[in-house]
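Would you mind keeping the following structure in view while I ask a few things?
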Amino acid sequence: MLTFEDISNPSHVPANLLPAGVPELLAPPAAGQPVVTRLLYQQVNAAGTGAYAVDHLAEPLATLMAEDRLAQAIVDMGGDPSEPSFLAGRDTAAATGSSALAQALPPSRTGQADQGVAEMAVLDAGIAFWNPAFTDPNGQSRFATFSGLRLQAGQVVGPQVLTAQQLSDMVARGHSIPGDRENRRQLAILMPSSVYAPGPKGRDLFPPDEMAHGTAMSEMILSTAPADARLHGMELPQDVVRDLTGGLMTGVLVPAVRALIDQVIAARSDTKPFRMVMLVAFGFLGGPQEGMGVPAPLVSALSALLASYRNIGVDVEMVVPMGNHLQDQAHARLTAGRSVGWRIQPDDHSANTLELIYQGRPARLRLTAPDGSKLKLRRKRAALGRILYQGRAIGAVWDEPLGRGMWRTRISLTPSATRNTGLSHAPFGRWQVKLRKGRAVQTWVLRDEVGFDPDPSAPSRRSWVEDGVRPLRDPLGYPFLDDSAAPAGALVLRDGSASLLATHQQAQITSVGAQWSAKPDPTTAQSWYSGNALNGMPPDQWADLSYGAQSEYRSIGPFGRRAVLGNGSPRRYRAAGTSLAAALVAGQRA
């Protein structure tokens with residue numbers, strides 16, 4: 001039997017409460033256990049500057065939400081509860097230190113604008129900047145600066161920048177296996193938030209002999225950039241990399257972009273206005289997207305930050321991928337009276353979340369469990385509540401207004417398998433979500449499998465939506481690239497499968513899709529995984545993954561992968577994705 005109970009009508013809710021807060025909401029720590037939940041919040045008087053700080057919550061999250069005291073907790077930490085906050089993972093140690101003061105933007109650049117090559121920057125994870133391939137003909141590293149984004153309680157979110165000597169020493173010893181291992185050991189100490197530090201259970205997220213995303217991105221940028229272009233790198237915190245829902249990335253991205261721009265400014269010896277191209281080769285699903293009547297808060301915040309820097313003479317272009325979710329059954333358009341299936345896999349140790357965005361009041365939904373148990377959701381206000389199955393809390397629902405009459409509902413279910421003794425597991429199988437009445441609802445699965453499972457015996461598995469009629473492949477066996485072959489009434493669509501960052505038309509954000517070609521045929525076609533925007537608009541640019549590659553490194557055929565560098569060694573790994581396409585374009589834009 002499914003039942004529902006309200007938690008509260010909170011005045012402030014972390015933007016990624018669902019799914020990030022599911023364990024804390026539904027299985028609060030036992031008496032005597034330390035509170036280790038971190039919160040990322042914007043400091044007072046810091047609007048528009050990207051100045052965020054991190055601190056531990058002084059009380060359990062479940063208590064603060066139930067009693068609507070999170071806003072006051074943010075005030076007590078020196079934060080501004082009128083601005084978004086984000087859950088930022090958990091620590092095993094108590095908070096130390098205090099948050100730094102809000103930082104002002106750098107002074108305006110003056111004089112004649114620099115007409116040379118743009119500064120290049122990459123925000124990623126697992127960047128082996130010491131790989132010998134990243135040196136110029138004179139043996140000098142093409143990386144001008146390198147840092148790791150700090151995400152530690154009691155501190156402002158900002159970069160830990162290597163000194164010129166540290167950078168030089170690591171590049172010098174990176175030509176050998178022992179040097180590579182020493183570089184990793186030192187980065188784990190210097191940048192404890194990075195992927196080079198041990199992950200959960202002491203397992204490396206990017207082992208030395210495996211492919212790391214950031215190294216491949218760096219190679220692609222440098223392969224198309226001018227020979228004299230300088231590259232600046234920043235490592236994302238490992239907590240961000242492990243969260244494929246995009247919830248924590250949404251909070252970290254604005255301060256990370258701001259920190260990386262400041263890092264480049266500090267490396268310049270002049271005060272001239274200049275251009276900068278930054279690759280942010282991560283994508284995540286969700287909305288609202290272009291054409292839905294309200295901008296996504298993250299895109300609006302990024303656009304405002306980039307405009308602020310343009311006003312002081314730093315013209316930043318951000319290059320982002322369309323995402324690889326075209327075939328993932330991750331988006332559906334749900335209409336009144338219709339139901340869509342939501343497939344939860346067995347032995348899944350991650351929470352699963354649906355995001356629904358629509359016009360009007362909170363949607364009137366019916367949720368059906370795999371055993372046929374039904375629950376009607378028909379609230380009339382912003383609220384947070386629990387889903388109970390046979391009396392046990394196995395999920396949460398959060399309704400919130402987005403402005404201009406738009407609403408968002410998130411439904412999160414606990415893992416179908418869990419070793420958390422205080423957390424009940426949700427039933428696996430085919431759940432159903434029915435829109436009982438009202439306007440159409442755009443629905444997304446927030447991807448939850450992390451790809452970096454700390455314990456292989458406790459895997460994270462993805463969920464998907466299904467309607468039983470969505471065609472998968474054409475008569476020749478090739479995946480469909482759009483919804484033109486879908487029968488009337490199909491709910492699960494390929495439009496809407498693009499990354500949230502790439503679906504808004506913003507002057508300083510360039511979206512990139514992936515294509516493939518069969519030599520010597522000069523024509524290209526969309527890659528089978530390259531996501532589509534909800535409104536059908538193509539990306540700002542396309543890129544063939546084989547562009548500029550030596551013949552032995554090219555991707556072959558529609559399902560081919562390009563051979564790329566992946567760590568500090570010369571070994572190459574086959575990879576594909578719109579992030580590679582975006583990196584190729586980023587280098588060209590310099």
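For the subset of the stretch 278-303 comprising residues that are among the small types (G, A, S) and open to solvent by 10 Å² or more (accessible area, probe 1.4 Å), which member is modelled with the highest pLDDT?
Only one residue tops the list, namely S303.
Is at least one residue of the stretch 241-260 among the hydroxyl-bearing types (S, T, Y), surrounded by fewer than 20 Cβ atoms within 10 Å (Cβ to Cβ) and either farther than 22 Å from R589 by Cα or at pLDDT 90 or above (or both)?
The first filter runs over the stretch 241-260 and keeps only residues among the hydroxyl-bearing types (S, T, Y), leaving 245, 250.
Then keep just the ones that are surrounded by fewer than 20 Cβ atoms within 10 Å (Cβ to Cβ); that gives none.
No - not one qualifying residue is present in the stretch 241-260.
Now for a separate question. Could you check how many residues of the stretch 563-576 are more than 21 Å from F282 (Cβ to Cβ) and open to solvent by 80 Å² or more (accessible area, probe 1.4 Å)?
Initially, the stretch 563-576 is screened for residues more than 21 Å from F282 (Cβ to Cβ), giving 563, 568-572.
Next, from what is left, pick out any that are open to solvent by 80 Å² or more (accessible area, probe 1.4 Å): 570-571.
Counting residues in the stretch 563-576 that are more than 21 Å from F282 (Cβ to Cβ) and open to solvent by 80 Å² or more (accessible area, probe 1.4 Å) gives 2.
Is it true that some residue in the stretch 190-211 is among the charged types (D, E, K, R), touching a residue at least 60 places away in the same chain (Cβ under 8 Å), more than 21 Å from R90 (Cβ to Cβ) and open to solvent by 60 Å² or more (accessible area, probe 1.4 Å)?
Checking the stretch 190-211: at least one residue is among the charged types (D, E, K, R), touching a residue at least 60 places away in the same chain (Cβ under 8 Å), more than 21 Å from R90 (Cβ to Cβ) and open to solvent by 60 Å² or more (accessible area, probe 1.4 Å).
If you scan the stretch 1-18, which residues turn out to be modelled with pLDDT of 90 or more, open to solvent by less than 20 Å² (accessible area, probe 1.4 Å) and not in a loop (DSSP other than H, G, I, E, B)?
Passing the criteria: L2, L17, L18.
Residues checked against (1) modelled with pLDDT under 90; (2) more than 16 Å from G283 (Cα to Cα); (3) touching a Lys or Arg at 6+ places or on another chain (Cβ under 7 Å); (4) assigned by the TED database to the domain that holds G246:
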| site | (1), (2), (3), (4) |
| --- | --- |
| P471 | yes, yes, no, no |
| G477 | yes, yes, no, no |
| D483 | no, yes, yes, no |
| L491 | no, yes, yes, no |
| A502 | no, no, no, yes |
| A507 | yes, yes, no, yes |
| W516 | no, yes, no, yes |
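Also, I was wondering about something else. Considering only residues that are closer than 18 Å to L298 by Cα and aliphatic (A, V, I, L, M), look in the stretch 45-69 and name the one that is modelled with the lowest pLDDT.
Restricting attention to the stretch 45-69, the residues satisfying the condition of being closer than 18 Å to L298 by Cα are 46-53.
Cutting the leftovers down to aliphatic (A, V, I, L, M) gives us 46-47, 51, 53.
Numbers: A46: 67, A47: 62, A51: 76, A53: 87.
In this case the residue turns out to be A47.
Which ones in the stretch 102-157 are touching a residue at least 40 places away in the same chain (Cβ under 8 Å), open to solvent by 30 Å² or more (accessible area, probe 1.4 Å), in a strand (DSSP E or B) and not charged (D, E, K, R)?
A144, Q155 - these are the residues of the stretch 102-157 that are touching a residue at least 40 places away in the same chain (Cβ under 8 Å), open to solvent by 30 Å² or more (accessible area, probe 1.4 Å), in a strand (DSSP E or B) and not charged (D, E, K, R).
Which one of the conditions (1) at pLDDT 95 or above; (2) touching a strand residue (DSSP E or B) at 6+ places or on another chain (Cβ under 7 Å); (3) farther than 30 Å from A586 by Cβ does Q345 fail to meet, given that it meets all the rest?
Failing condition for Q345: (2).
Given the options S412, S424, S350, name the one that is modelled with pLDDT under 95, among the polar types (S, T, N, Q) and closer than 19 Å to R447 by Cβ.
Numbers: S412 fails: modelled with pLDDT under 95; S424 fails: closer than 19 Å to R447 by Cβ.
None of the others qualify; the one that does is S350.
Restricting to the stretch 333-356, count the residues that are open to solvent by 10 Å² or more (accessible area, probe 1.4 Å) and of a type outside the set (G, A, S).
So the count comes out to 8.
Report whether or not M170 is free of Cβ contacts under 8 Å to residues at least 60 places away in the same chain, buried (at least 18 other Cβ atoms within 10 Å of the Cβ) and farther than 28 Å from L57 by Cα. First the steps, then the outcome.
Details: free of Cβ contacts under 8 Å to residues at least 60 places away in the same chain: yes; buried (at least 18 other Cβ atoms within 10 Å of the Cβ): yes; farther than 28 Å from L57 by Cα: yes.
So M170 fits the description; yes.
Next question. For the stretch 367-471, which fully contained strands (runs of 3 or more DSSP E) count at least 2 residues that are open to solvent by 60 Å² or more (accessible area, probe 1.4 Å)? If you could, list the steps in order and put the result at the bottom.
Working: elements: 374-377, 383-389, 392-403, 406-413, 429-437, 441-446, 464-466.
It comes to 374-377, 392-403, 429-437.
Please work out if L87 is surrounded by 15 or more Cβ atoms within 10 Å (Cβ to Cβ), modelled with pLDDT of 90 or more, in contact with a strand residue (DSSP E or B) (Cβ under 6 Å, 6 or more places away or on another chain) and not hydroxyl-bearing (S, T, Y).
On the way: surrounded by 15 or more Cβ atoms within 10 Å (Cβ to Cβ): yes; modelled with pLDDT of 90 or more: yes; in contact with a strand residue (DSSP E or B) (Cβ under 6 Å, 6 or more places away or on another chain): no; not hydroxyl-bearing (S, T, Y): yes.
Answer is no for this residue.
Residues that are closer than 28 Å to W464 by Cβ and open to solvent by 50 Å² or more (accessible area, probe 1.4 Å): does the stretch 495-515 have at least one?
Scanning the stretch 495-515, I find no residue that is closer than 28 Å to W464 by Cβ and open to solvent by 50 Å² or more (accessible area, probe 1.4 Å), so the answer is no.
Being open to solvent by less than 50 Å² (accessible area, probe 1.4 Å) and in a loop (DSSP other than H, G, I, E, B) is the filter here, so list the residues in the stretch 524-535 that pass it.
Applying the first criterion (open to solvent by less than 50 Å² (accessible area, probe 1.4 Å)) to the stretch 524-535 yields 525-527, 529-534.
S527, Y529, S530, G531, A533, L534 - these are the residues of the stretch 524-535 that are open to solvent by less than 50 Å² (accessible area, probe 1.4 Å) and in a loop (DSSP other than H, G, I, E, B).
If you go through the stretch 308-315 one residue at a time, do you hit one that is under 25 Å from T578 (Cβ atoms) and surrounded by 23 or more Cβ atoms within 10 Å (Cβ to Cβ)?
Taking the stretch 308-315 as the starting set, the residues that turn out to be under 25 Å from T578 (Cβ atoms) are 315.
Checking the rest, the ones that are also surrounded by 23 or more Cβ atoms within 10 Å (Cβ to Cβ) come to none.
Within the stretch 308-315, none of the residues are under 25 Å from T578 (Cβ atoms) and surrounded by 23 or more Cβ atoms within 10 Å (Cβ to Cβ).
Hey, among the residues in the stretch 538-562 that are surrounded by 18 or more Cβ atoms within 10 Å (Cβ to Cβ) and among the hydrophobic types (A, V, I, L, M, F, W, C), which one's farthest from V512 (Cα to Cα)?
Only one residue fits best here, namely L545.
Out of curiosity, is A498 of a type in the set (A, V, I, L, M, F, W, C), touching a Pro at 6+ places or on another chain (Cβ under 9 Å), touching a residue at least 12 places away in the same chain (Cβ under 8 Å) and not in a strand (DSSP E or B)?
On the way: of a type in the set (A, V, I, L, M, F, W, C): yes; touching a Pro at 6+ places or on another chain (Cβ under 9 Å): yes; touching a residue at least 12 places away in the same chain (Cβ under 8 Å): yes; not in a strand (DSSP E or B): yes.
Yes; evaluated as a whole, the condition is true for this residue.
Quick test of your reading of the structure: P237 fulfils all but one of (1) more than 21 Å from the chain's Cα centre (by Cα); (2) closer than 15 Å to Q160 by Cβ. Name the failing condition by number.
Of (1) more than 21 Å from the chain's Cα centre (by Cα); (2) closer than 15 Å to Q160 by Cβ, only one is false for P237: (1).
Failed condition for D448, given (1) under 24 Å from the mean Cα position of the chain (by Cα); (2) over 25 Å from P295 (Cα atoms); (3) not basic (K, R), with all others met?
Against the list (1) under 24 Å from the mean Cα position of the chain (by Cα); (2) over 25 Å from P295 (Cα atoms); (3) not basic (K, R), D448 comes up short only on (2).
The values are calculated or read from the model by the stated rules, or taken from the named source; none is laboratory data. This structure is a prediction, so every number in the text was calculated from the model and none was measured. As a convention, Cβ positions derive from the backbone with ideal geometry for all residues, glycine included, and neighbour counts pool all protein chains shown. Remember, those area values only see protein heavy atoms, side chains included, never the ligands or the DNA or RNA. Shrake-Rupley method; radii C 1.70, N 1.55, O 1.52, S 1.80 Å.
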